[in-house]
Amino acid sequence: MKAVMLHGKGDVRVENVPDPTLQEATDVIVRITTSAICGSDLHPFHGRMPPDDPFSIGHEFVGVVEEAGKEVRAVKRGDRVVAPFSVSCGFCYFCRNRLPAQCETTNHAVFGMGRRGGGWAGAQAQYIRVPFADFMLERIPSELTDEQALFLGDIFSTGYFCAENGGIRPGDTVAVFGSGPVGLCTQMAAHLFGPARVLAVDYVPYRLERSKALGCVPVDASAADPVEQIRALTHGRGADVTLEAVGHEAALQMAIKAVRPGGTISSVGVYVEKTFDFPIGDAFLRDLTLKMGKCNAKNYIAPLMPLIHQGKVDPTVIITHTLPLDDAVRGYRIFDQKEEQAIKVILKP
Ligand SMILES: [Zn+2]
Ligand SMILES: [Zn+2]
């Protein structure tokens, strides 16, 4: 089969690799019908992770069950399915306590992240082996398109998790840092909690336009200090809740500065840095709450699916490019370089 292989910094290639096969009776082989390139794929693509052998990349996918192990009960050949990005067993302490992204059995593995992610093959490919399929796979109703279901496995669930962790109350002013794919999903999700306003902070004009189309107030970080702009919009107090969906220190520092006393900062940006400065004295004096982490996407797939089904939210609006898998190299380039006004690039094997 064909798969996107990451060979090193800036070097992705579409290559022929062996087809995956069932290894355990609880495995399923999924024929992938749609996958996506994620912002977190850019960490290894930028060489921001420890060196690794070439590995197949990607963790956002939907597809059709091609073959199911003999102990699989929840899905059968021909079912359309979506899976979370993290590989989880369903029976360890953390999986049983609604923290499947912390799975002890798989050592909190992620599809398509090389050795660091546990060595699981990636989803930018024609087929993928999904272990613990009864727990991992959620069936997609026939009325939903691939594109509607795709982001439940990661970025829409992540955006919802970020907004939920913010503890948004009706009437709040929420500031979202980042109008990339996760940022836009976070903005959409934030609106579901009844805020008076969602401010969207970014420095890329075409991305701010997208936020505006979602009903957000754009805050152009290239024009003036976004923290000052947010204070000016909130009687000098700061936002009630700040949501950080970038994954760079500067964005988190701004999210901390831009929240009002007693407010909550919720962060879902992926950090590869071990440490950075945290204004602990300021956070103490201003009674701040910081929540962060890797989304337990598995918990959100089934509950959020009806919101998309009923048209309450439409994550497909972030898709700017649908490319054949063979064009993945171009997909990485335009996504990484923000060429052609790219937001979300999806791949069709
Ligand atoms: Zn992702
Ligand atoms: Zn587990």
Quick calc, ALA224 & TYR271: beta-carbon distance into FRET formula, R0 22 Å, rounding 0.05, result 0.25
Cα-Cα longer than 27 Å, checked against LYS212/LYS338; LYS70/LYS294; LYS257/LYS294; LYS2/LYS212, kept in input order, equals LYS70/LYS294; LYS2/LYS212
The FRET efficiency for ARG77 and ALA250, from their Cβ-Cβ distance with R0 = 51 Å and rounded to 0.05, is 0.60
Note: THR21 to CYS92 extended length (0.36 nm per residue) minus current alpha-carbon separation gives 23.1 nm
Rounded to the nearest whole number, the Stokes-Einstein translational diffusion coefficient of region 151-268 at 20 °C and 1.002 mPa s (Kirkwood radius, C-alpha pairs) in µm²/s is 161
Yeah, region 240-304 with a ≥ b ≥ c from its alpha-carbon gyration tensor (a/c under 1.5 is rounded, else prolate when a/b outruns b/c, oblate otherwise) is oblate
Listed by chain and number, the aspartates and glutamates with an alpha carbon less than 19 angstrom from that of LYS291, same-chain partners under 8 positions apart left out, are ASP154, GLU164, ASP172, ASP240, GLU244, GLU249, GLU273, ASP277, ASP282
Subtracting the Cα-Cα distance of LEU192 and ALA232 from 0.36 nm times their residue separation yields 11.9 nm
Of every hundred units of 1.4 Å-probe accessible area on region 156-292, the number belonging to carbon and sulfur atoms, as a percent, is 56
Percent relative contact order for region 208-349, counting Cα pairs under 8 Å at least six residues apart, stands at 14
Contact order relative to length for the chain, counting C-alpha pairs under 8 Å separated by 6 or more residues, stands in percent at 17
Cα-based Rg then Dmax for the chain, in Å, read 19.8, 62
Simple SL model, points at 7 angstrom along Cα→Cβ for GLN337 and LEU285; separation in nm is 4.7
In debye to the nearest 20, the charge dipole size for the chain, taken about the Cα centre with +1 at each Lys and Arg Cβ and -1 at each Asp and Glu Cβ, equals 500
PRE zone check, label point 7 Å out along Cα-to-Cβ of GLU67, amide N under 15 Å, scope region 107-136, hits 126-131
Sparse-neighbourhood loop hits (GluC sites (Glu not before Pro), region 229-326; DSSP loop; Cβ within 10 Å at most 16 others) -> GLU273
Here D for region 192-349, in µm²/s, from Stokes-Einstein with a Kirkwood Rh over Cα pairs at 10 °C and 1.306 mPa s, works out to 89
Excluding residues fewer than 8 positions from LYS76 in its own chain, the aspartates and glutamates with Cα under 16 Å of it are GLU24, ASP27, GLU66, GLU67, ASP134, GLU138
Relative contact order of region 178-261 (C-alpha contacts under 8 Å, at least 6 apart) in percent is 27
Length gained if TYR203 through ASP53 is fully extended, taking 0.36 nm per residue and subtracting the Cα-Cα distance, is 50.5 nm
If one builds a Gaussian network model of the chain from Cα atoms under 10 Å apart, the most fluctuating residue listed among MET188, MET49, MET136 is MET49
Honestly region 24-148 on the Cα gyration tensor test (a ≥ b ≥ c root eigenvalues; a/c under 1.5 rounded, otherwise a/b vs b/c for prolate or oblate) is just oblate
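The values are calculated or read from the model by the stated rules, or taken from the named source; none is laboratory data. Just so it is clear, the structure is predicted and the values come from calculations on it, not from any experiment. Please note: Cβ atoms are built from the backbone with ideal geometry, for glycine as well, and neighbour counts cover all protein chains shown. Remember, those area values only see protein heavy atoms, side chains included, never the ligands or the DNA or RNA. Shrake-Rupley method; radii C 1.70, N 1.55, O 1.52, S 1.80 Å.
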